[in-house]
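Following: one structure in structure tokens, then a few remarks.
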Amino acid sequence: MNNNSILRRFYNFILNHWILSSIIIFLPSILLYLTSSGFYNAKNSSDTILVNTLSNYFPLFAISFLFTLFKLFGDKYNNMVKENGLLVLTIMLQSINLGKRRKLNRFYKFIKEHHDNKGINPFDEITQPSKQIKVILDNIQGTLCRLFGLNPNEIGLSVIYNTDKNNEWEWVANINVENDLQLAELVNDNNTTAHQIITGKEKLIFYPDKRKGIKENKFKPGPIDKQKKNIGSILCKDISLDQNCNYLKAVLSITTYGQQLCDEYDVESINKILEMLIPTFEYRLKLELALLYIKQNIA
């Protein structure tokens with residue numbers, strides 16, 4: 001555990017126990033009262049006054065100053081966390097709204113072109129889940145770029161799936177992974193993150209540093225990784241329609257090349273990714289995967 005984590009825990013402990021916080025704040029005053037009698041009863045000499053001042057008052061001042069300084073930085077950090085949280089929410093909402101606007105524009109275009117045609121199948125025409133999944137991956141990529149300062153070409157994303165009707169794994173959509181591992185290798189190699197998810201060994205894998213995944217035999221570097229000296233992050237998530245994977249199995253992969261999303265000890269950034277960003281986009285992906293299954297097998 002790093003020093004910042006220890007200080008954060010101590011600060012939160014103080015913040016959540018107001019009695020302890022009050023005692024620390026008033027401790028210098030109490031000690032001052034207890035020691036003041038000895039100070040005023042001392043002989044009236046400058047040396048004695050100086051010694052008493054240094055021995056009695058300086059430690060009290062130091063306690064007050066250090067605690068005030070500690071609380072100042074703690075409050076500043078808390079404000080930064082809140083601001084960053086609002087920034088994450090703002091960016092994600094903007095990304096979601098962009099996707100909705102594109103979908104609305106597509107629907108409006110369909111209405112404009114076919115408002116007199118009653119013989120057309122609207123569901124088949126306007127429901128384009130594969131394209132929408134590509135749009136969602138674009139949204140994820142843009143959000144990661146804005147949050148962590150990466151370039152789009154440093155982020156690869158993909159969704160693969162299979163169904164109970166066709167037990168072959170296929171790409172639904174992908175970005176910047178064309179020159180990486182082939183689909184068959186991703187699915188069948190025991191050392192890939194996708195294989196860990198597909199076989200049910202894991203539901204979620206996130207390595208802020210890919211090199212740790214390589215050491216644990218849960219990530220297999222591709223050609224691009226080797227060019228970048230295996231520097232980067234990898235996240236793999238089961239996004240099947242239901243926990244038992246009865247109808248459609250799917251895996252979301254997010255990888256970065258040459259830059260990590262965050263450090264493995266950066267709890268704040270990890271929480272942003274796992275607790276805010278991924279769940280938000282996961283539900284949108286599952287919605288489109290459900291539509292994909294309906295369109296291919298039921299409609």
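Counting only residues at least eight positions apart within a chain, or on another chain, the aspartates and glutamates with an alpha carbon under 12 Å from that of Lys237 are Glu202, Glu282. Pairs of Cα atoms nearer than 8 Å and 6+ residues apart set the relative contact order; for the range 146-229 it is 21 percent. For a straight C-alpha distance cut-off of 19 angstrom, the aspartates and glutamates reachable from Lys201 (same-chain residues fewer than eight places away being disregarded) are Glu185, Asp189, Glu216, Asp238, Asp242. Checking every one of the trypsin sites (Lys or Arg not before Pro) in the range 157-263 against DSSP loop status and a limit of 12 other Cβ atoms within 10 Å picks out Lys165, Lys201, Lys229.
Separation of the range 149-186 and the range 227-299, taken as the distance between their Cα centroids, equals 11 angstrom. Summarising the label geometry, the points placed 7 Å from Cα in the beta-carbon direction at Ile270 and Asp124 lie 5.0 nm from one another.
Working from the pairwise distances between different alpha carbons, so that the mean of 1/r is found and then inverted, what is the range 128-297's Kirkwood radius in Å?
Working: mean 1/r = 0.0625 Å⁻¹.
For the range 128-297, inverting the mean 1/r across all distinct Cα pairs yields 16.0 Å.
Label-to-label distance for Lys295 and Glu178 is 2.2 nm, based on points extended 7 Å past Cα in the beta-carbon direction.
We did not get these values from a lab; they are worked out from the coordinates using the rules stated. Keep in mind the model is a prediction, meaning the values are calculated, not measured. Cβ coordinates were reconstructed from backbone atoms using ideal geometry, including for glycine residues, and neighbour counts include every protein chain displayed.
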